[in-house]
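**Student:** Okay, handing you the structure first.
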Amino acid sequence: MNCSQRVTFVTCGITKAQCAPIELSCFDPLSAHPYDDSKWGHPREPINRVIVTMLDLNPQKKTQGFSLIELMLAVSVILILGAMALPRLMTTISDISLRYAASNFSGLLQTARIQAVRKNTFYSVKLGSLGPNLPIYYVDKPTAAYVNGDPILPFDPNIVLRQGIGSGAPNEAAFIAGLNFTVNPAADAPSFNARGIPCIATAAACPTNTGQGYVVFMSKDVSMGNTPWVAVVVNPSGRVQLWSADSNGSWIQRD
């Protein structure tokens with residue numbers, strides 16, 4: 001088959017006049033912008049042009065630190081807020097430590113009461129010392145000194161313990177009146193007889209005063225804020241209670 005015959009086979013069904021434009025379009029030179037489709041209404045820019053445009057529209061920002069004035073202003077605000085919160089914080093810390101000490105003292109009173117009932121005798125909670133600035137409270141007979149083996153409670157020397165009336169606690173008179181029993185007015189050591197009832201211990205006996213109990217006030221001085229106060233109460237039946245005073249001087253039972 002010669003060339004003219006091949007052309008005749010491929011273009012079968014079309015005229016020579018129609019074939020000429022087709023043959024010429026196959027060899028037309030490429031367009032200078034092969035991706036230019038603006039004639040369809042969607043112009044397209046070269047890729048590198050698009051990247052440059054995005055970088056131009058989103059310039060990188062330079063990172064900057066704080067100036068000296070801004071830093072000094074921030075530190076000043078922190079110091080002012082700290083100065084405002086420090087008194088309340090110190091009062092809260094002192095109040096927590098005071099309640100902890102009162103709870104421990106209450107536990108020692110319960111120990112004395114249980115030991116008196118178990119041994120069928122009377123015991124007292126007394127103040128002692130293990131050395132300079134090392135006060136303790138221990139359980140033993142009223143006239144006995146501390147010996148190894150006695151129940152003991154080391155006590156914070158910064159906590160002031162006052163027993164009976166005249167402690168200087170806030171609203172003391174109203175608080176004692178609200179207990180509805182007679183408070184031992186003296187500084188007698190809290191004691192319990194063989195029945196677990198509060199009594200006034202002597203060297204040989206521990207007689208009870210019907211309807212009488214003990215109140216022990218505790219406070220802790222603080223350099224800032226209000227002085228916290230707590231009270232450990234032993235009612236006439238021998239039950240031990242914990243009370244604390246709020247910032248307004250109102251007493252709240254904690255157990």
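The values are calculated or read from the model by the stated rules, or taken from the named source; none is laboratory data. Owing to the predicted nature of the structure, the values given are computational and were not obtained by experimental measurement. Cβ coordinates were reconstructed from backbone atoms using ideal geometry, including for glycine residues, and neighbour counts include every protein chain displayed.
**Student:** Quick check: anything in the range 156-176 among the acidic types (Asp, Glu), at pLDDT below 95 and touching a Lys or Arg at 6+ places or on another chain (Cβ under 9 Å)?
**Tutor:** yes
**Student:** Please note which strands (runs of 3 or more DSSP E) are completely contained in the range 118-169 and include at least 2 residues that are aromatic (Phe, Trp, Tyr) and surrounded by 16 or more Cβ atoms within 10 Å (Cβ to Cβ).
**Tutor:** Fully inside the range 118-169 and qualifying: 135-140.
**Student:** Give me the pairs, please: first residue somewhere in the range 149-178 and at positive phi, second residue anywhere and of a type in the set (A, V, I, L, M, F, W, C) and loosely packed, with under 15 Cβ neighbours inside 10 Å, beta-carbon distance under 8 Å, and either six or more positions apart or on two chains.
**Tutor:** 164/186; 164/187
**Student:** Every residue in the range 129-152 that is small (Gly, Ala, Ser) and either modelled with pLDDT of 95 or more or farther than 20 Å from residue 116 by Cα (or both), please.
**Tutor:** 129, 131
**Student:** Let me ask something else about it. All but one of (1) at pLDDT 90 or above; (2) in contact with a strand residue (DSSP E or B) (Cβ under 9 Å, 6 or more places away or on another chain) hold for residue 250; which doesn't?
**Tutor:** (2)
**Student:** Another question, if that's okay. For the range 216-238, enumerate the residues that are without any contact (Cβ under 8 Å) to a residue 60 or more places away in the chain and more than 32 Å from the chain's Cα centre (by Cα).
**Tutor:** 235, 236, 237
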